[in-house]
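Here the structure is laid out as structure tokens; the discussion comes afterwards.
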Ligand code: ADP
Ligand code: MG
């Protein structure tokens, strides 16, 4: 289908999700091998006796990272990890990555080496092969785009749309630390800009700073679920924030949910640091994003089985659609969950 262009619509009116929906509405699948197109963590392609998954993510200097405090080596590592996270979110295992970079003349060979050192370390750790890419000039700054390819048996794939009433909503690890880490890095940058003689003071907050600069993807969880013979009913990774991810699951599954504020896993240091910044730790956990944890649903009896084996928290349960998408706060008030996520096109 072709877009009829008669108006000029600002993109911030749609937001990122609105724009993707608009693109998806006009993309028709023609190949029988395209099992899943736009709309999940990765696309799924029929590859004979198994399925391939494929996903892309792009990081743009000044939007997704700031080289004042993001070492290139860490950035290379992060660029790989955020892509692998989407492969794991399909319950697949990544095998290859393709890396595209756009560089301005300000970058040296040594800078590119630092970036690729991080890329190579991530590839080794997650057992994926760098098999190609593209290198181009950029008028300004650095852009890095990665595409990851993974594999799964067809009946192992987990989508966003399989959550069922009564399922337990599980989240791995903890939430909000990457966002709080970013606030700390921004504060130290500000102080440094005003007085370059002052050395940054991270108050020994290595965990939250690392969560921002060098996140990890949840390979071990996926392997452990397979070992336990457990396949979640739905799954998504947390890149934009718990609020927007649970909304994706509920919307695509045609269900509602009740999440409990008191059950949200928040690291102690992240909690304390959020308070120091006058931020609500719950808001950081719900809307901060970049945690790269997995959010998934399983029936209650399956939750009992995985609970002693995995680092997961049960944060709520799935309800019928009419009950809405709700957070029960610590005072037992019911609050409707709205996607605060990123509106990538909001005017800065
Ligand atoms: P995630 O947060 O899991 O990386 P996104 O929100 O980036 O997912 O993307 C959601 C879906 O939209 C995915 O299926 C992705 O492939 C698709 N998508 C995003 N941007 C585009 C685009 N410009 N053209 C086509 N599909 C897109
Ligand atoms: Mg994702």
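The values are calculated or read from the model by the stated rules, or taken from the named source; none is laboratory data. Since the model is a prediction, treat every value here as computed from it, not as a measurement. Here the Cβ positions follow ideal geometry from the backbone for every residue, glycine too, while neighbour counts run over all protein chains shown.
See the values below:
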| read-out | value |
| --- | --- |
| Residue that is farthest from residue 69 (Cα to Cα) [pool: residues in the stretch 187-231 that are within 16 Å of ligand 1 (Cβ to nearest atom) and outside any helix (DSSP H, G or I)] | 218 |
| Per-region count, the stretch 198-238, residues within 23 Å of residue 184 (Cβ to Cβ) and either within 16 Å of ligand 2 (Cβ to nearest atom) or at pLDDT below 95 (or both) | 13 |
| Test: residue in the stretch 235-251 that is more than 16 Å from ligand 1 (Cβ to nearest atom), in a loop (DSSP other than H, G, I, E, B) and assigned by TED's automatic domain parsing to the domain that holds residue 190 | no |
| Residue in the stretch 207-215 that is surrounded by fewer than 16 Cβ atoms within 10 Å (Cβ to Cβ), assigned by TED's automatic domain parsing to the domain that holds residue 177 and over 22 Å from the mean Cα position of the chain (by Cα) present | no |
| Every residue from the stretch 120-135 that is closer than 30 Å to residue 155 by Cα and touching a residue at least 40 places away in the same chain (Cβ under 8 Å) | 122, 123, 126, 128 |
| In the stretch 27-43, the residues that are under 22 Å from residue 249 (Cα atoms) and more than 10 Å from ligand 1 (Cβ to nearest atom) | 34, 35 |
| Wholly within the stretch 1-119, strands (runs of 3 or more DSSP E) carrying at least 3 residues that are under 23 Å from residue 131 (Cβ atoms), within 16 Å of ligand 2 (Cβ to nearest atom) and touching a residue at least 60 places away in the same chain (Cβ under 8 Å) | 51-60 |
| Any hit, the stretch 92-99, residues being within 11 Å of ligand 1 (Cβ to nearest atom), closer than 28 Å to residue 151 by Cβ, in the same structural domain as residue 119 (by TED's automatic domain parsing) and buried (at least 17 other Cβ atoms within 10 Å of the Cβ) | no |
| Residues that are in contact with a strand residue (DSSP E or B) (Cβ under 7 Å, 6 or more places away or on another chain), in a helix (DSSP H, G or I) and closer than 20 Å to residue 250 by Cα, drawn from the stretch 298-321 | 300, 303, 321 |
